[in-house]
Structures are given as C-alpha cells and as structure tokens.
1. Could you tell me which of the residues I61, I30 is under 14 Å from L81 (Cα atoms), surrounded by 11 or more Cβ atoms within 10 Å (Cβ to Cβ) and modelled with pLDDT of 90 or more?
2. Would you be able to tell me the number of residues in the stretch 192-218 that are within 10 Å of the chain's Cα centre (by Cα) and hydrophobic (A, V, I, L, M, F, W, C)?
3. Out of F106, F84, F100, F115, which single residue is within 44 Å of the chain's Cα centre (by Cα) and not small (G, A, S)?
4. Pick from L114, L155, L146, L89: which is at pLDDT below 90 and closer than 19 Å to S26 by Cβ?
5. Scan the stretch 462-477 and tell me whether some residue there is touching a Gly at 6+ places or on another chain (Cβ under 8 Å), of a type in the set (S, T, Y), surrounded by fewer than 20 Cβ atoms within 10 Å (Cβ to Cβ) and modelled with pLDDT of 90 or more.
6. For the stretch 251-260, check the following and say yes or no: at least one residue is without any contact (Cβ under 8 Å) to a residue 12 or more places away in the chain and farther than 26 Å from K293 by Cβ.
7. Test each condition in (1) more than 57 Å from the chain's Cα centre (by Cα); (2) under 20 Å from Y47 (Cα atoms); (3) surrounded by fewer than 19 Cβ atoms within 10 Å (Cβ to Cβ) for V154 and report the one that comes out false.
8. Looking only at residues in the stretch 261-270 that are within 13 Å of V285 (Cα to Cα) and free of Cβ contacts under 8 Å to residues at least 40 places away in the same chain, which one is surrounded by the most Cβ atoms within 10 Å (Cβ to Cβ)?
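The values are calculated or read from the model by the stated rules, or taken from the named source; none is laboratory data. These numbers were taken from a predicted model, which means no experiment stands behind them. A quick note on method: Cβ atoms are made from the backbone with ideal geometry, for glycine too, and the neighbour counts reach across all protein chains shown.
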Amino acid sequence: MNAFPSPKNSLKIYLLLRFVSVSLISILGISLYLKQKWPYPAINFVYFLGWLSIVYLTTGIFWVIWRKEKFRFLSLLAIALDLFLITTLVYITGGANSFFSDLYIFIIILAAHLFRKRGAFLTAASAFILYGTLIDLEYFKIIPTLGEPVGGDVLFTLLINFSAFFAIAFLMSLLLERLEKSREKLRSLEALHKCVLESIQTGVITLDKENRISYINKAAEFILGYKSESLIKQPINKLFSHAEITPGQRQSFSFVKPNGKLIYLGLSVSSLTDEMGEYVGKVIVFQDITHLKRVEKLSLLNELASHLAHDIRTPLTSISGCLQMLRKEDVSLENKTLIELALEETKRLNALISDYLSYARPTREREKVDISQLIKETITLFKGSLGDKKITVDTALLEKTYIRGNKEEIRQLFWNLFVNAKEAMPNGGMLKVIMEREQNMIKIMVQDTGRGIPKEIQDRIFEPFFTTKPQGSGLGLAIVHKIVNEHEGKIEVENQPKKGASINLYFPLISSSH
C-alpha cells in the first residue's frame, strides 16, 4: 500500500481544491463588493474579476491536460502559473498587506509532494523571489500601489514570509522523507512476512471478525487442494465443517480433498489482533498429519509383530531341536530328506525373524568407534564365508577414523552390504571398500562388479520387505538404511547397469580426543 497518492490522484485533488478555493474567494470578493464593503479601490474589483476569469479558464485547461495524462507537464505548468497568479492576487488585494500571500504555502506543499525536497525548496525560493520583487517594486514606487502604501516594516514582512516559505519547504520535505522511509520499511516488512508465509510448509488461514477467510497461503492451497480465489470471503465452516474454530488446544480431524482423497489435519486457532491490541479476527495454522497417523498405526503393528516374532521363535526353536533329534534316529532316506528340508526352512524362518527383530530393535547406546577397524574385522569374517566363490576384496581405508556409533550395528551394516554385493556377483568379481574425507564427514564407498541395480527399482531397494531374490527377506538393505539414519548419516546409490553398483555412506566424524 502506498503512503502517498499517485501524481495522477494528487493533481486531481489539487485541481478540485483549486476550483473550490477560487470559488470561495470569488464568493467572498463579490459579496464584499455588493455590500459596498470592498476594502480596495473599485478598479481593483475589475482586476479581481479578470483574475477569476483567468483562474477558471486555466483550471479547465489543466483538467484537459490531466485527462490526457500528461502529469509531469501539468505539474510544472500548474506550479509555475499558480505562483504568478497568487502574486497577481496579492498585488490586487493590497501587496504587502494582503493576507493571500498564505496561498504560496499550498503551492510549496504540492511541489514537495510531487518533486520532494528539491522541488519544495525551488518553489519556496521562486515564491519568495516573486513576492519580494512585488513588494520592492511597490516600495520603490516602480509600479503603482493598488492598496495602502507599503509601510516602513516591509523588511520585517519579507523576513516573516521568507521564514514561513522555507520552513514549510523544510518541514514538508522532512515529513515526506520520513513517510517514504516508513513506507519502504513497511513494504520490506510486508514482503518478508508474505515471503515467510508463502515459503513455510505449514498451512495458514486468516479470518475476519465474521469468520470469513481473508487470506490463505500456498501451503494451505496445496494441503487442502483448493485455490485461494475459491475460498476468499467464504465462511470457514464451509471448509472445516467438523472443526471447532475457537482459540484453544490443538485438534485433529479428517478432511476430504476435492479429488476425494482422505487426509488428516492437525489444527490450532489463535486470536488475531492489530497493533492496538484490538481483536480483528483469527489465524488458523494447520498441517497434514496423515503420515503421522500412518506412523502411529505402523508403530502399533510393529510392536505387535515384534511380540509375535518372539512368540514364534520359541516354538520354532523347539521344532528345530526335535527335527535334529529325529535326524539322528534310524529313518528312511525319504524321511531323512524331508527332515533336512524342514530344518532348512526352520533355519530360513529363524533368519527372517532375526532380520525383522534387528530392523525393529530400538536405537542402541553409542560410543566412539574406529569405523575403519570395524570394516577390517567385518571383511575378515566376510572372506571366511566366501568358500569357493571367486570374489576378491580390495580396500583403501583411512586409519584412526572415528565416529559416534554402536559397534554391533556398524558391523551388521557392512555385513549386509558385503552379503548383498556377493549375491550380486554369482560368477565372482571384485568388492572394493574405499574411504575418503569430505570436510567433517567420512565417505565410505562399497562397490561391486555385479549386474548393477535396474533403474526402475533403484528408489525402492531400501524399502522393508522389498526384494528381487527368491530366498531374500527384503530386510537387509532396509536395516542398512535404518542404521545409517540412526547414526545421523546419509546413503547414496551410484549405479552402472551391467558394470556394478556403489553404495556410498556418509557419517559425521568426531575427533580422536572425544
């Protein structure tokens, strides 16, 4: 919002005031003359009528120029011509004794508004020069005096008017300059507030006193699925029919978007007041908490599944023990084969339960660990599990590299990655483990020369229970992802189909003294 009217509106207001002021002056002058109270010679009234005619004529001309939108030309012409017309009126109505010299002030104010400080002081100087020249010409009898003779106090009169003109110019310039600065600050503040409201991911809606929507930010549009144009001036109850729109505790409820999708909103309402503390409406802040509802459900299911896994494991151990005892008995070859198959399946089921419990296990305590040493220990175990597979392991590790973590979880992380790389190279290949420092992070690249990861599944490999292997549990890489997140790290996948894949891990480093 602008602090001042535009030049177009300012000139329009000035022309209206000019017309009204001249009309009042004409009514005053004609009334005095008709009542025979005209304080000046009769010839002055003729001059006065001529002056009125010129002013009304120029007002009409100015109006035509204004309609053609030549505002700068009109501004300069109006200021210059009106200075001369006011000087003429002062001369007609007594010169130094005329009270119409105050009209110069309105021209100085107009110039200050249109041309700021420079225009105000130039206009004040021009007004004083014209007024002073008139008084001097009368004083030295160069032109005839149309009123009372100029007295000996002419210097004082000039000083008073000089001070008034330049004081008005200075004060108006100062006032307008401060208003301009205030307007710029207000614009910056409004822009900042709007930028903040439009940038945050939280929905914000403001209401007027009648609970009608007056503002809605972009996040609210995105969450609700409505455009702001369709909601402005609408009653809030039409949008949130199930919510209680009164300041108080946070509430949650379901909401159906225009496309039919059901979401859950968490909403809070606060009173909105102006700078004087007066109530002007309400502000509603809300978020889409659908994912939190899902997390709550998943958390309950996870807890239930963990208990179920523990309950299954106990009888599974008993079944495995019984099968092992039966295997030692004298049974037929066919039954022995069935027993071996049952043992393999109980073993696989036990491994699946172990993976799931590992994934569902809460975060363990952390300590300072040398991650390069843990990688070496895990590689040693991994090499022992290769058997006759033709896989070579190449490392480029950094010594004494410390992070804050849990040793068992870090070992499991790399074990899962190594096993995943082994399964990606059924015909053998090379596994590389490379460490690099990147500022305050350690980057660890686990690379294989296997088949690579197809692009269409690359974004899903860390999802729980997602697998492309017939005998896979789909929890190996999910556990890796979970451990990395719990250690405030980051994981990336670089893929070259048919040339292998690289799993890049990033962990924050700590100094050896911690």
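1. On the way: I30 fails: under 14 Å from L81 (Cα atoms).
Testing whether each residue is under 14 Å from L81 (Cα atoms), surrounded by 11 or more Cβ atoms within 10 Å (Cβ to Cβ) and modelled with pLDDT of 90 or more leaves just I61.
2. The number of residues fulfilling the criteria is 5.
3. That would be F115, the only listed residue that is within 44 Å of the chain's Cα centre (by Cα) and not small (G, A, S).
4. L146
5. Within the stretch 462-477 (the criterion being touching a Gly at 6+ places or on another chain (Cβ under 8 Å), of a type in the set (S, T, Y), surrounded by fewer than 20 Cβ atoms within 10 Å (Cβ to Cβ) and modelled with pLDDT of 90 or more), the answer is no, since none of the residues qualifies.
6. There is no residue in the stretch 251-260 that is without any contact (Cβ under 8 Å) to a residue 12 or more places away in the chain and farther than 26 Å from K293 by Cβ.
7. (2)
8. Once the filter is applied, the top-ranked residue is V269.
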